[in-house]
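A short write-up of the structure that comes next.
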Amino acid sequence: MNKVFRFKPQKRLSLLNPERKTKGQLTLFFGMCMGIGKTHLMLQEGIHLIKDGFDVVLANYNSHGNKEIERLAAQIEQIPLKKNGEINLDYIIKRDPQIVLIDEMAHQNPNGSRHKHRHQDIEELLDDGIHVYTTLSVLQLESKAYSVQENTEYYTTCTVPDILFELAEKVHYIDASPQEIAKRFLDKSIYLDQHLGEHYRKAFFSIKNLHLLQRLCKQMMAFRRNEKQRQYLYEHHMQEDTITGVKLLISINESPHMESFIRRSKNLSYTLGVPLYAVYFDSTGQLTNKEQEQLNKNISMAYRLGVFVIRSTGENWVSSMLDVIRIEKITHLIFERLPNEKYIKKIFRRSELDRLISKCKNLDIYILSNESILERKKKFFQINTSGFKTSIWNYIKSATITLSAVAILSPFIGMVSEVSSGYIFLIILALQSIYFSTGPILLSALLSAGVYDIFFTIPYGTPSLSSPDDWLQFFMFLAIPFINIMLATRLRKQEQQSRKRERISNTMFNFSKHLSTASGINSILEISAKAINDSFKLKCAFILKNNKGGLSNSTSPHSNFTLTSNEFKVAQWVFDKGKQAGKSTENYMHEERTFYPLNSLKMKMGVVVLEFKKLFDAEEELLWLTLKRQISNALEREYLNDMARQASILSESDRLYKTLFNSISHELRIPVTSILSASETLKEIEQGISKDIGEEIYMAAQRLHRLIENLLSMSRLDSGRLSPRFDWYDVHDLVNSVTGLLKNELKEYDLSINIPDDMPLVRIDFGLIEQVLYNLLYNITVYVPSHTLIELDFQHDGTNFCISITDYGKGFADKDLPYIFNKFYRGESGITGGSGLGLSIVKGYIDIHKGQVEASNVTGKGANIFIRIPSMLPLIENF
């Protein structure tokens, strides 16, 4: 049964990173060639954005002596370049502008850079939420570079994947007539590589070539318009019409010539303005490392060109293609013209392409010119040279078996008929094909044919290949074993593939089973390291995130190796960006190891590092991605379990704390109340020293009572069960109540109270706001020297009730300001006493009123506390 796996459009490139909360947008300034004014227009647009209030920086620009470009660039903040003259990627990310201007998107970075190409730097900036404006010529698109080379003999090694052009948010097309561009070249207003000869440069800027480039530009812009229409129809679940419903399909394989075919097919899709699909097959035949590498390279090119890539499994190429055509609703097929076949070959064998065409009568088929031979390999009729690369002992064993049969049959020469002897040798060869590969079997067949002809046919002892029957028998000795070995080889490969799939299934089953019973992160890592070694024979290392959410600076237990300081930097980048890096990737290609992010659905768990011996094939790649996802999910599960256990412990601890806290507070409140009453009575009846002692006892008891009241208030706030009782009150009543409670404390201070004559009634919880003012004024009496002015100001702006309390003391220390409303926080004022709860209670009560409280220092005065509480003007119907 064939299986078809479609890769969704939004997953075609790492540019679409789902873990990024806000991606930047790519804007292209696009034209036919250099000298058309792309950089000039980009800089002008940047200046307009700055005037509109946007934060814009310039990463680089190439003026080539153009004074106007230098003048425009001087009006934009420029990011310092690196020592090698490249854009400073880390500096831009740290600067974090809204928009960055980057000239020449098609550029190859020097060795040792984080990325090989500049467009990869741009992808990283987009992933960090920075909008990028950049320039691009049509001849620098990967699919167009080859066409341009064919027609103009100009080829650039610095190309940009077409997918970036297709996914760009905006494309500003800069057009000019070919005559105008040619005139600029003659005026030496256009820079072109100096190593090109003068004759060559004139040839490139010919009117004919410029017309071609202009046509390619318009073709790309038309394709974008069609794609927007198609996307609109898809998003609104509308049926595509006969024009926009066209879909092209190609088949790709491990051929080294396939890259050119993919490029030309993509150009055809641009010409028609329709999407291109590509399918590759995981057949039962195993590819060599070189072939697998080439197949991966071809698939990667298809992704870069914006092709929708499909993976299909199945032993029959024709039936697999039919499945893809049916599922994806393909309307057109693209193939390359096959080389002319000999007449006899056509009679005895129909090509797979012929059989597919015969079953696709309703499809249109495009045949491209055979620029190179791209016919798909026919495994059945192809001799697999790997069958000859076997141990010499297998050749010796096979020959020994044949010669032993000769020795056993030699006494019966003349007694056994020629036909019977031939059958015996054929049976021996058929049995050998079960155990030996192609080389030993063919050796044994040659020996059998020779020995049979010399010793078992008349005349005995001499060669007798004289009649057609003799030659027919000789070739049958070769043909029948050859057919047997090919069939046996196919069965052997199918068996190997089945065993491989069974091993993968068993690996996944056992891995899932062990992970489900794992307890603790170390156990998960141990199981994971064993599974990686058993499945791929690879060494690995794990780096997990720490308690603060960042990446640890050391490898975790059960890692097979340690990392260098530079490798830890790469691991940190992989952890931050959620992309793989290292060997066989496009990020940090110079590294010897490969780094993969361990990302679950919601969390970043760490990084795993592998030491590759050979590249993964398609099935191993899928197995690895599945294992990696399961490792990430298991780590996330254990991490969440740890968080739940810690939360449970903290919750239980908090519950015990509150219970003990409430119990102690209530138990202390009763004796303190008794002390207050007794000391107050003692003050009234005693004289002299006894009265002073009573006064001191009363003040200490009152202080202790205030502490208990604050603790109880904080307990009620923490419980979340404190419900305010709002009503309309007069501000004068509020002030009189608070100043009455603090008359003894405030008698040595100059209190200035400002209440406007038109002050309306305010809707508040009287008790809570009374406690707020009490705590604020009491704090002033504790921390501010006597005979200091205290200003208490009340205002109402129509929607908010505002209170401002200012003293003329030393004010708050700057380092204390961010924390003064924190629970139990006490500034370094040098004053002893106080619980650090007064201001936190103030903030809690104001929060209940859905208001704000702010602390600051006033120049020339001291500290200021400003409170804003929502309170509309009272209406007559409220009374």
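Is there a residue being part of a strand (DSSP E or B), modelled with pLDDT of 85 or more and not charged (D, E, K, R) anywhere in the stretch 309-318?
Scanning the stretch 309-318 turns up at least one residue that is part of a strand (DSSP E or B), modelled with pLDDT of 85 or more and not charged (D, E, K, R).
Please state which of the following conditions Gly35 fails to meet, knowing it meets all the rest: (1) within 26 Å of His115 (Cα to Cα); (2) among the small types (Gly, Ala, Ser); (3) touching a Ser or Thr at 6+ places or on another chain (Cβ under 9 Å).
The number of the failed condition is (1).
Failed condition for Pro468, given (1) in contact (Cβ under 8 Å) with a residue 24 or more places away in the chain; (2) out of contact with any strand residue (DSSP E or B) (no Cβ under 7 Å at 6 or more places or on another chain), with all others met?
Single failed check for Pro468: (1).
Give the stretch 74-112 a look and list any residue that's at pLDDT 90 or above, more than 19 Å from Leu28 (Cβ to Cβ) and not charged (D, E, K, R), or say none.
Across the stretch 74-112, the qualifying residues are Ala74, Gln75, Gln78, Ile79, Pro80, Asn88, Leu89, Tyr91, Ile93.
Kindly indicate the residue of the stretch 495-550 that is charged (D, E, K, R) and in a loop (DSSP other than H, G, I, E, B) and also surrounded by the most Cβ atoms within 10 Å (Cβ to Cβ) among those meeting that condition.
Checked the stretch 495-550; the qualifying residue surrounded by the most Cβ atoms within 10 Å (Cβ to Cβ) is Lys537.
If I filter the stretch 114-168 down to residues being in contact with a Phe, Trp or Tyr (Cβ under 9 Å, 6 or more places away or on another chain) and in a loop (DSSP other than H, G, I, E, B), which single residue comes out as surrounded by the most Cβ atoms within 10 Å (Cβ to Cβ)?
My answer is Pro161.
Scanning the stretch 820-835 for residues that are under 20 Å from Gly862 (Cβ atoms), surrounded by 11 or more Cβ atoms within 10 Å (Cβ to Cβ) and under 49 Å from the mean Cα position of the chain (by Cα), which turns out modelled with the lowest pLDDT?
Filtering first and then ranking leaves Gly827.
Tell me which residues, restricted to the stretch 839-878, are β-branched (Val, Ile, Thr) and either surrounded by 14 or more Cβ atoms within 10 Å (Cβ to Cβ) or not in a loop (DSSP other than H, G, I, E, B) (or both). Let's see the steps before the verdict.
Within the stretch 839-878, the first condition is being β-branched (Val, Ile, Thr), and the residues that meet it are 841-842, 846, 848, 853, 858-859, 865, 867, 869, 876.
Result: Ile841, Val842, Ile846, Ile848, Val853, Val858, Ile865, Ile867, Ile869, Ile876.
List every residue pair whose Cβ atoms sit under 7 Å apart, with the two residues 6 or more apart in sequence or on different chains, where the first one lies in the stretch 754-770 and is assigned by TED's automatic domain parsing to the domain that holds Asp733 and the second, anywhere, is among the basic types (Lys, Arg) and surrounded by fewer than 18 Cβ atoms within 10 Å (Cβ to Cβ).
Asp765/Arg725
Residues being assigned to a loop (DSSP other than H, G, I, E, B) and surrounded by 15 or more Cβ atoms within 10 Å (Cβ to Cβ): count how many of those fall in the stretch 589-614.
Within the stretch 589-614, residues that are assigned to a loop (DSSP other than H, G, I, E, B) and surrounded by 15 or more Cβ atoms within 10 Å (Cβ to Cβ) number 6.
Of all the residues that make up the stretch 768-818, how many are over 24 Å from Val731 (Cβ atoms) and either part of a loop (DSSP other than H, G, I, E, B) or in contact with a Cys (Cβ under 7 Å, 6 or more places away or on another chain) (or both)?
11
Quickly run through the stretch 62-104 and pick out the residues that are more than 18 Å from Ile122 (Cα to Cα) and in contact with a strand residue (DSSP E or B) (Cβ under 7 Å, 6 or more places away or on another chain).
Ala73, Ile76, Glu77 - these are the residues of the stretch 62-104 that are more than 18 Å from Ile122 (Cα to Cα) and in contact with a strand residue (DSSP E or B) (Cβ under 7 Å, 6 or more places away or on another chain).
When only residues in the stretch 282-298 that are surrounded by 16 or more Cβ atoms within 10 Å (Cβ to Cβ) and at pLDDT 80 or above count, which is farthest from Gln494 (Cα to Cα)?
Asn298
Please determine whether any residue of the stretch 425-439 is in the same structural domain as Ile334 (by TED's automatic domain parsing), at pLDDT 70 or above, under 30 Å from Gln494 (Cβ atoms) and of a type in the set (A, V, I, L, M, F, W, C).
No, there is no match, as no residue in the stretch 425-439 is in the same structural domain as Ile334 (by TED's automatic domain parsing), at pLDDT 70 or above, under 30 Å from Gln494 (Cβ atoms) and of a type in the set (A, V, I, L, M, F, W, C).
Read through the list (1) touching a Pro at 6+ places or on another chain (Cβ under 7 Å); (2) surrounded by 12 or more Cβ atoms within 10 Å (Cβ to Cβ); (3) at pLDDT below 75, then give the number of the only condition that Ile373 fails.
The single condition Ile373 does not satisfy is (2).
Return the residues of the stretch 46-72 that are of a type outside the set (S, T, N, Q), surrounded by 17 or more Cβ atoms within 10 Å (Cβ to Cβ) and outside any loop (DSSP other than H, G, I, E, B); say none if nothing qualifies.
Let us first name the residues in the stretch 46-72 that are of a type outside the set (S, T, N, Q), namely 46-59, 61, 64-65, 67-72.
Remaining after also requiring surrounded by 17 or more Cβ atoms within 10 Å (Cβ to Cβ): 46, 49, 56-59, 61, 69, 72.
Selection gives Gly46, Leu49, Val56, Val57, Leu58, Ala59, Ile69, Leu72.
How many of the residues making up the stretch 480-534 are more than 20 Å from Asn633 (Cα to Cα) and not hydroxyl-bearing (Ser, Thr, Tyr)?
Of the residues in that region, 23 qualify.
The values are calculated or read from the model by the stated rules, or taken from the named source; none is laboratory data. Keep in mind it's a predicted model, so treat the numbers as computed, not measured. All Cβ positions, even for glycine, are placed from backbone atoms using ideal geometry, and neighbour counts span all protein chains on display.
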